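Each remark here refers to the structure printed beneath this line.
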2 protein chains.
Amino acid sequence: MNISNEQVLAALRNVEDPDLKKDLVTLNMIKELSIEDKKISFTLELTTPACPMKDMLKNACFNAIKHFVDKEAEINIKITSRVTKPNDTTQLKDIKNIILVSSGKGGVGKSTVASNLAVTLAADGAKVGLIDADIYGPSVPTMFGLLGAKPSARETAEGKTLILPIEKYGIKLLSLGFFADPDQPVPWRGPMASNAIKQLFNDADWGELDYLIVDLPPGTGDIHITITQSFPIAGAVIVTTPQQVALADTRKGLAMFRMPGINIPVLGVIENMAYFTPEELPENKYYIFGKDGGKALAASFDVPFLGEIPLVQGITEGGDSGTPIAMDKASQTSIAFSEMAGKIAQQIAINNALRSDC
Amino acid sequence: MNISNEQVLAALRNVEDPDLKKDLVTLNMIKELSIEDKKISFTLELTTPACPMKDMLKNACFNAIKHFVDKEAEINIKITSRVTKPNDTTQLKDIKNIILVSSGKGGVGKSTVASNLAVTLAADGAKVGLIDADIYGPSVPTMFGLLGAKPSARETAEGKTLILPIEKYGIKLLSLGFFADPDQPVPWRGPMASNAIKQLFNDADWGELDYLIVDLPPGTGDIHITITQSFPIAGAVIVTTPQQVALADTRKGLAMFRMPGINIPVLGVIENMAYFTPEELPENKYYIFGKDGGKALAASFDVPFLGEIPLVQGITEGGDSGTPIAMDKASQTSIAFSEMAGKIAQQIAINNALRSDC
């Protein structure tokens, strides 16, 4: 007896996406199903290439078919993804999800986190853009080895000039640092800063992006107000270091996203510089800045704790040399970033699914 | 033969202040000279209580009198100071020297440096005020154990309301953090922020101050422009950490002070988080963020390198617990801050002397 499409789909109805709480067939995640004797092939289309449950879902499909259809089936599952978007805004319509990387406090590693998340998501196969919105202290040019780089521009058929983001490591990048001499200060008052930042969103040729990561400046000032009021934001990732003086500022940065009129989902908290481990003493963890401050912050606001990043010389060197540490796939830090990126992408997919249900 | 005032003063004309390049008599630093037989007493009035050459000058006076007047003289030298001011502005006339603690980059330890310099100068006997101008991330309330403190106000005879700074460890403190709920974000655009900061200078009862230290926010934005354009500034101290991404921002922060129309003396560069030394391995220095970046920055701008501060758990704990580490006079860090405060006060005195010569 030949295996039918219906039999396979019926079996896959038993596999539920644990985040979206629906089965894969209902979620329309099974594509290109083809059957030839006992050879069953299909594509599992996830909501993000960074899905941390990739292997689990694949195994579940495998087992469901073996169990409900034919235990001798030869199953070939290809995994792709189609990143969802929060809503059908006409504004920036080719950019699916804008993720803000934020903190009330400066110097906690926002740029490190933003750069490495971008690298990780791009390595997973997502189309990723990165805007460095830290107008007074742009770090992306240094972190990506692009000091002195100047983006070119193209004219559209309608005569509008679009800035072309610079591509590196598969990421499309724009930084206010590309438009100023690295040694020249930018003593701009708020309105000038706000206009400059809007141009990076509106007047650039981003093409299609699954994720546009925005590295915000410290504080809760003009740039924050402008971005949160002008563009649809999928969510904010909060970065902090463990000490009280940093947490105090970070609390405010986080609370800003929950203010009426702003109301942006907080995807979670990342604790940077969690501890220091000397290379020759790998068991020693020095909690130089205190312990578990980020975890406590996440708990007190009831948002996910996304993970901790140790104080590693490689991160500084990576940032300084223009190769974000996440490029080194074997490093512990890279693995940590990969887990964090997965959690963030997963949460966005859940939020998007919830919104489209309403 | 009795010793005369003239003889003593003639002897002291041989002692030169190495900074001001004039002798102590010409500089009018010898006060209250009294002679009784072989007992010679006078007061040496320095330009700052934090003068690093205190003992050297005292010894030089001692030797000059022994040599030129009478080697059996009993000499009693009292040291006081009268802090000079850069110019006779009518604005903020009771505040002698405003010192900005700045950096292009956030999180490099500006607040730590500002707080500990204030503590050190006050301990030396100077009248010190501290303004926390980091509107979006005020750290002074935490660092001085004043979370939740609210300054009171008094009315002047003219009916003007003056904010009363809060006093702690002999320092008069004002922070924008005193006027906001610690958990409440302050999403203010530039003009509101600028007005708020001006009030801390103009509408507060500072009384007489030798030094008013201002802890600036990161960047080169509204607050910086407002303060540098509105008030007479004695100089700026630049704080950085050693990594390239911090230095890049710090270069801009420093360059801002040299822009035409701003033109504020840069008193020097302090390198924070220079290295980490675990308590049980005091010989090990881990240069987590790279090495000598601050020194190189100071050299490239031809400004003094004021010193380095190691990454010490005590600094974090001090900051978090409300007792700046410089309060512990025996600590290495405290000694480092004391040297830095001396160099800063010394430079200001030199600059003030040069200006009054013109």
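Please give the peptides A:145-153, B:126-134, B:68-76, B:208-216 ranked by average Cβ packing (other Cβ atoms within 10 Å per residue), highest first, as a rough proxy for protection. Please report the intermediate quantities before stating the final value.
Numbers: A:145-153: 12.6, B:126-134: 26.1, B:68-76: 14.1, B:208-216: 23.8.
Peptide ranking by packing, descending: B:126-134, B:208-216, B:68-76, A:145-153.
Determine how many Å³ per residue the convex hull of the Cα atoms of chain A encloses.
Taking the convex hull of the Cα positions in chain A, it is 166 Å³ per residue.
Calculate the tail of P(r) for region A:112-251: the fraction of all Cα-Cα distances greater than 22 Å, expressed in %.
Here the long-distance tail beyond 22 Å is 40 percent of all Cα pairs in region A:112-251.
Please list, short to long, the whole-number percent of alpha-carbon pairs of region B:261-358 in consecutive 10 angstrom bins beginning at zero. Result returned by the calculation: 14, 37, 32, 14, 4, 0.
Pop out the Kirkwood hydrodynamic radius of region B:1-46 from its pairwise C-alpha distances, inverse of mean 1/r, in Å to one decimal. Value: 11.0 Å, from the Cα pair sum. Summary of the geometry: region B:98-113 and region B:176-200, compared by the centres of their Cα atoms, lie 18 Å apart.
Based solely on its DSSP helices, what 222 nm [θ] is calculated for the protein assembly as shown when runs of n ≥ 4 H residues each add -39,500 (n - 2.57) and the sum is averaged over all residues, nearest 500 deg cm²/dmol? Don't skip to the answer; put the middle values down first.
Working: 20 runs with 242 residues, N = 716.
One gets -10500 deg cm²/dmol as the mean residue ellipticity at 222 nm.
Expressed in nm to one decimal, what extension gain is obtained for the pair A:Glu167 and A:Glu279 from 0.36 nm per residue of sequence separation less their Cα-Cα distance? Let's see the in-between values first.
On the way: separation 112, 0.36 × 112 = 40.32 nm, distance 3.34 nm.
Computed gain between A:Glu167 and A:Glu279 is 37.0 nm.
Quick check: residue separation of A:Glu72 and A:Ser152 times 0.36 nm, minus the Cα distance between them. What number comes out in nm? List each step's numbers first, then the result.
Details: separation 80, 0.36 × 80 = 28.80 nm, distance 5.68 nm.
Fully extending the segment from A:Glu72 to A:Ser152 adds 23.1 nm.
Counting only Cβ charges, +1 for Lys and Arg and -1 for Asp and Glu, the dipole size of region A:5-81 around its Cα centre is about 140 debye. Considering only B:Gly307, B:Met273, B:Gly318, the residue lying farthest towards the positive end of the dipole of region B:272-357 is B:Gly307, judged by Cα position with unit charges set on Cβ.
Report the net charge of residues surrounding A:Pro265, where surrounding means a beta-carbon distance below 11 angstrom and charges are Lys +1, Arg +1, Asp -1, Glu -1.
Values: positive: A:Arg258, A:Arg355; negative: none.
Summing Lys and Arg as +1 and Asp and Glu as -1 gives +2.
Normalised Debye scattering of region B:177-218 at q = 0.15, 0.16, 0.25, 0.27 Å⁻¹ gives log10 I(q)/I(0) of -0.49, -0.55, -1.13, -1.20, counting only Cα atoms as equal scatterers and leaving out solvent.
Let me know the shape class of region B:5-81, please: from the alpha-carbon gyration tensor, a ≥ b ≥ c as square roots of the eigenvalues, rounded when a/c is under 1.5, otherwise prolate if a/b is greater than b/c, or oblate. Let's see the in-between values first.
Details: a/c = 1.76, a/b = 1.54, b/c = 1.14.
In terms of gyration-tensor shape, prolate.
The calculated FRET efficiency for A:Asn5 paired with A:Asp205, based on their beta-carbon distance and R0 = 51 Å, is about 0.75.
The label point for A:Glu16 and the one for A:Leu92, both projected 7 Å from the Cα toward the Cβ, are 3.5 nm apart. For region B:95-357, DSSP calls about 20 percent of its internal beta bridges antiparallel. Counting only the Cα atoms, region B:86-165 fills a convex hull of 145 Å³ per residue. With the largest listed first and rounded to whole Å, the semi-axes of the equivalent ellipsoid of the protein assembly as shown from the Cα gyration tensor are 60, 25, 22.
Using a cut-off of 9 Å between beta-carbons, work out the net charge of the residues near B:Gly190 (Lys and Arg +1, Asp and Glu -1, B:Gly190 not included). Write out the running numbers ahead of the final one.
On the way: positive: A:Arg189, B:Arg189; negative: A:Asp222, B:Asp222.
The answer is 0.
Counted by Cβ distance under 12 Å from B:Phe68, the other residues give a net charge of +1, where Lys and Arg count +1 and Asp and Glu count -1. Per residue of peptide A:213-220, the mean number of Cβ atoms on other chains within 10 Å of the residue Cβ is 5.
Charges were assigned to the Cβ only: +1 to each Lys and Arg, -1 to each Asp and Glu. The resulting dipole of the protein assembly as shown about its Cα centre is roughly 900 debye.
Throughout, read-outs are computed from the coordinates displayed, never taken from laboratory work. All values derive from a computational prediction rather than experimental measurement. Backbone-built Cβ (ideal geometry, glycine too); neighbour counts: all protein chains shown.
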